[in-house]
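See below for the structure under consideration.
Bear in mind that the values in this text are calculations on the coordinates, not laboratory data. Keep in mind it's a predicted model, so treat the numbers as computed, not measured. Cβ atoms come from the backbone with ideal geometry, glycine included; neighbour counts cover every protein chain shown.
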Amino acid sequence: KFIHAKCRNNIYPLSNIQRSEVPDDKVIWNTNFPEYNPINYTSKALEGKPWADPSIENESSMFKWNKLDGNVNRVSFITNYCIDEHNYPINPYGRTGIKGRGLLGRWGPNHAADPVVTRWKRNQDNSITVNEITNKPILQFVGIQRRDSGEWAIPGGMVDPGEKVTVTLRREFMEEAMNTLEKSVEELKIVEKTIETFFRNGEEIYKGYVDDPRNTDNAWMETIVFNFHDASGKIVGNFNLQAGDDATNVKWIDIDCNLILYSSHKDFIQKIVQKHSSHW
Ligand code: RP5
Ligand code: MG
Ligand code: MG
């Protein structure tokens, strides 16, 4: 089984909280680790936020774990997660060196959706660019630079309560890669129409855990990744890319094995490369 790494042995994002050390062979919960006593950290920034859960201490009985809880989806894509003796959900991928939920809004699974928009890299004469060594065509994807960490990433985001994943995929792409939150009603209509049509033909690439640096022992990211590929390159050519919301930058990124991306995004991109038999 995969061992998470980006949520271990580092300083918790946007804080000065050091995670307690968890060696590779102590990640899985059923390995004996009696001295494990991580710090409890839930960011103050979550207090009073309508999109965030209340603290468990006060309201432990109100959560419906492993269920659809009102319109908040507390069902994991991965497993029926366990609940500890204080009613805290337990990260199914093991220890992270921090208790609480850090920056994450939900206890337990936090659901996201990641739209990967791809096209072929092309030469001046419009022929597809082939890598000289692998002899395979080069794929490009729309990446954004995250405001929180500065890392490049897929323009993904959280599924709002009750929101359809297909809607999240379109919404996050439009917000982060097309800056639709700052567009006029007329401009928005045009963008929505193009995106709606193009996003009809997506392929599910991955559904499960994300090795996100915000994960804790009691809260973690899960995502559904979809690939939207423009084989002709003619549709996305009309996309007016502009960073918005939590993105500070956006661009078409050439895909190869040297990519450095946020959380597990490189693994997701690699799965797409396999589907298209493109250069890596
Ligand atoms: C990652 O965080 C997911 O894969 C998704 O890209 C992202 C969602 O969080 P925000 O972008 O809303 O912070 O784990
Ligand atoms: Mg967003
Ligand atoms: Mg985002």
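Filtering the stretch 227-239 to residues that are surrounded by fewer than 21 Cβ atoms within 10 Å (Cβ to Cβ) and closer than 30 Å to TYR81 by Cβ leaves nothing. In the stretch 139-173, the qualifying residues are those that are over 12 Å from the mean Cα position of the chain (by Cα), part of a helix (DSSP H, G or I) and more than 11 Å from ligand 3 (Cβ to nearest atom), and the one that is surrounded by the most Cβ atoms within 10 Å (Cβ to Cβ) is ARG170.
In the set (1) farther than 19 Å from MET158 by Cβ; (2) assigned to a loop (DSSP other than H, G, I, E, B), the condition left unmet by LEU14 is number (1).
Of all the listed residues (ILE28, ILE11), the sole one being of a type in the set (Val, Ile, Thr), under 24 Å from the mean Cα position of the chain (by Cα) and under 19 Å from ILE83 (Cα atoms) is ILE28. Here ASP24 passes the criteria (1) touching a residue at least 12 places away in the same chain (Cβ under 8 Å); (2) exposed (fewer than 13 other Cβ atoms within 10 Å of the Cβ); (3) farther than 20 Å from ILE90 by Cα except the one numbered (3). Name the residue that is surrounded by the most Cβ atoms within 10 Å (Cβ to Cβ), counting only residues in the stretch 254-280 that are within 16 Å of ligand 1 (Cβ to nearest atom) and assigned to a loop (DSSP other than H, G, I, E, B). Once the filter is applied, the top-ranked residue is SER263.
Taken as a whole, the structure leaves VAL72 outside the set of residues that are of a type outside the set (Asp, Glu), over 20 Å from the mean Cα position of the chain (by Cα) and buried (at least 16 other Cβ atoms within 10 Å of the Cβ).
Within the stretch 25-64, the set of residues being of a type in the set (S, T, N, Q) and in contact with a Ser or Thr (Cβ under 8 Å, 6 or more places away or on another chain) comprises ASN37, THR42, SER43, SER55. Picking from residues in the stretch 210-238 that are farther than 18 Å from GLY143 by Cβ and of a type in the set (S, T, N, Q), the one that is nearest to ligand 3 (Cβ to nearest atom) is ASN215.
Of GLU176, GLU187, GLU182, GLU192, all but one fail to be farther than 30 Å from TYR88 by Cβ, surrounded by 14 or more Cβ atoms within 10 Å (Cβ to Cβ), within 16 Å of ligand 2 (Cβ to nearest atom) and of a type in the set (Asp, Glu); the exception is GLU176.
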